[in-house]
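The values are calculated or read from the model by the stated rules, or taken from the named source; none is laboratory data. Since the structure is predicted, the reported quantities are computational estimates derived from the model, not experimental observations. Don't worry about glycine lacking a Cβ; one is built from the backbone with ideal geometry, like all the others, and counts go over all protein chains shown.
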Amino acid sequence: MRKQLAAVAAATVATTLLVAPQALASTQFASQEIKWQKCTDEPGFERLECGSFTAPMDWNNAGNGKTITIAVSRTVPLNGKAKTTVFTNPGGPGGAGRTLPLIYLNRPKLSENAEIIGIDVRGTGASDNATCGGYQHRLATDWRDRSKANLDLLYGGMELQAKFCQAKSGELGRYLTTEQTVRDLDLLRQVLGREKVSWLGYSGGSWMGAYYATYFPRTLDKVVLDSNTEFTESWQKVFNNLPAGVERRFRVDYLPWVAKYDNVFHLGKTAEEVRQAYERTRKNLAEQPVTLPDGTVVTPVLLDALIFAGLYDKDSFEPTTLLWGQFAGGPSLAKTQAPKQYPDSVMGTQMSILCNDTPFRGDRKSLEREDNRSVRQYSLVGGYQITGPCAWWDRPDVHLKRPTGKDVSSLLMVQSVRDPATPYEGAQRAHKKFANSRMLTVQDEGDHGIYGFGNDCVSAVVESYLVDGVVPGKDLSCPGVPLPAPGEARGNPLTKARELAVQLGW
């Protein structure tokens, strides 16, 4: 018994030593004040205010004087009276989020009852940036080519990616983790003077929200996770799920839709004819890449990336298909304004979080074996292996708590059944392992990002939960929104938020 008591005492002391500096840092940094001001004089941004706050670079050594800046934004109700404060995140991980609050202005129940906060999390946007020095292995060579020479390029590129990201991001890169980020979020809550806040996160923002709830269950009120990663597993497992989800969306939704409107696109009257047209385009680009007037070199891998990105939401089907046709003919694309700071900060932040957060299992040989199988099964993006560079990553000593739902009062997951990027099956598994969670399943739907984008059934459930505090008593379902005909797409708000950030040079 004496030995047991000594062990408990030692554990208590160790825990106190770990927690005390963080608590002290929170108290020290919580006294700062955000100086809110207009983000820009551009039309359409009148209700968005911007500011920033300071956080420790390393929450586990907050007294060393090294700090970072976190850029934030907010919209406030027109009457100035907010029932709640909602933190938002567009995913990634690593997506900049300061324009995200603007997309809720057409949701009056939320925007007129909540103070909505946008956040450029550490590493991205106008916050202190990570970078990979502009190096991007994912589009460097065709992952379908399984020759030894090309495999050496593929996996050599992954190793280089790890080295570029870690060297170019420097010391900051080691502290780009989910744990460090959620501590920034709770500091922001304190700086704002809120006893509790709510969370609304999409895709990679579901991972962050689940961990935010795990680390701070008593100061996080309502939690909405839309288009869910399998946040109870590793990042490696999350991204291993992706090729199957992409292939399903490609074959079940996209190819038949293009075929249905053959009078518009002229790519085939059946799904199989359209798929063959895609393969022909890809083969032609392999033999002769197209150089556009702006200097963009269109390769088979760039075509894959275009189609993949277009599968995220149904309103992107038409512009994606038209662009595919343009790639085949070689038209010009409009140049976009490069954001300030590092233009690849999303890539730098994403790779750091993926490789720092959770251990990677495997090496070059196991990656190659897995990729050979995946390429055969999932033609579109089977070879992506997004977490592959983590096999060569010098991982810091990070031990995330496991999200279980313990002490979390409620959590609402919104999920479409054919989500390409965060497949339904992974979301189901996370739901089963996270206590007190409710799943709102959107049937016959494949969009990645649902709430706020035109599904009235989903909006009613989410807003009743976020604004009125009504927790569903059981899992629910809503019908999806039908695919639009050409010319009827309304445009995806998440895409619009990113375009607005580019417009402002953010």
(request) Taking only the range 67-94 into account, find how many residues are modelled with pLDDT of 95 or more and of a type in the set (A, V, I, L, M, F, W, C). (result) 6
(message) Consider the range 121-168. How many of its residues are farther than 19 Å from Ala96 by Cα, of a type in the set (Asp, Glu) and within 20 Å of the chain's Cα centre (by Cα)?
(response) 0
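Being among the polar types (S, T, N, Q) and in a helix (DSSP H, G or I) is the filter here, so list the residues in the range 276-311 that pass it. Let's see the steps before the verdict.
Let us first name the residues in the range 276-311 that are among the polar types (S, T, N, Q), namely 276, 281, 284, 288, 291, 296, 299.
Answer for the range 276-311, where residues must be among the polar types (S, T, N, Q) and in a helix (DSSP H, G or I): Gln276, Thr281, Asn284.
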(request) Evaluate the following for Thr281: is it among the hydroxyl-bearing types (Ser, Thr, Tyr), touching a Phe, Trp or Tyr at 6+ places or on another chain (Cβ under 8 Å) and without any contact (Cβ under 8 Å) to a residue 60 or more places away in the chain? (result) yes
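Out of everything in the range 27-39 that is in contact with a Phe, Trp or Tyr (Cβ under 9 Å, 6 or more places away or on another chain) and in contact (Cβ under 8 Å) with a residue 60 or more places away in the chain, what residue ends up being surrounded by the most Cβ atoms within 10 Å (Cβ to Cβ)?
Filtering the range 27-39 down to residues in contact with a Phe, Trp or Tyr (Cβ under 9 Å, 6 or more places away or on another chain) leaves 29, 32-34, 38-39.
If we keep only those that are in contact (Cβ under 8 Å) with a residue 60 or more places away in the chain as well, we get 29, 32-34, 39.
Working: Phe29: 20, Gln32: 14, Glu33: 10, Ile34: 16, Cys39: 23.
Per the criteria, the residue is Cys39.
Kindly indicate the residue of the range 96-120 that is part of a helix (DSSP H, G or I) and within 22 Å of Ser52 (Cβ to Cβ) and also nearest to the chain's Cα centre (by Cα) among those meeting that condition.
We begin by selecting, within the range 96-120, every residue part of a helix (DSSP H, G or I); these are 100-104, 108-111.
Those still in the list that are within 22 Å of Ser52 (Cβ to Cβ) too: 100-104.
Numbers: Leu100: 13, Pro101: 16, Leu102: 18, Ile103: 16, Tyr104: 18 Å.
Across the range 96-120, the extreme among qualifying residues is Leu100.
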(message) Looking at (1) of a type outside the set (D, E, K, R); (2) surrounded by 18 or more Cβ atoms within 10 Å (Cβ to Cβ); (3) over 26 Å from the mean Cα position of the chain (by Cα), which one does Thr321 not meet, given that it meets all the others?
(response) (3)
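Does Val381 satisfy the criteria of being assigned by TED's automatic domain parsing to the domain that holds Val223, hydrophobic (A, V, I, L, M, F, W, C) and buried (at least 17 other Cβ atoms within 10 Å of the Cβ)? If you could, list the steps in order and put the result at the bottom.
Numbers: assigned by TED's automatic domain parsing to the domain that holds Val223: no; hydrophobic (A, V, I, L, M, F, W, C): yes; buried (at least 17 other Cβ atoms within 10 Å of the Cβ): yes.
Spelling it out, it is not the case that Val381 is assigned by TED's automatic domain parsing to the domain that holds Val223, hydrophobic (A, V, I, L, M, F, W, C) and buried (at least 17 other Cβ atoms within 10 Å of the Cβ).
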(request) Would you confirm whether any residue within the range 363-381 is assigned to a loop (DSSP other than H, G, I, E, B) and among the basic types (Lys, Arg)? (result) no
(request) Return yes when Leu255 is outside any loop (DSSP other than H, G, I, E, B), under 20 Å from the mean Cα position of the chain (by Cα) and within 23 Å of Lys314 (Cβ to Cβ) and no when it is not. (result) no
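Answer yes or no as to whether Gly134 is surrounded by 24 or more Cβ atoms within 10 Å (Cβ to Cβ), on the phi > 0 side of the Ramachandran plot and in a loop (DSSP other than H, G, I, E, B). Outline the logic, then answer.
On the way: surrounded by 24 or more Cβ atoms within 10 Å (Cβ to Cβ): no; on the phi > 0 side of the Ramachandran plot: yes; in a loop (DSSP other than H, G, I, E, B): yes.
Criteria not met by Gly134.
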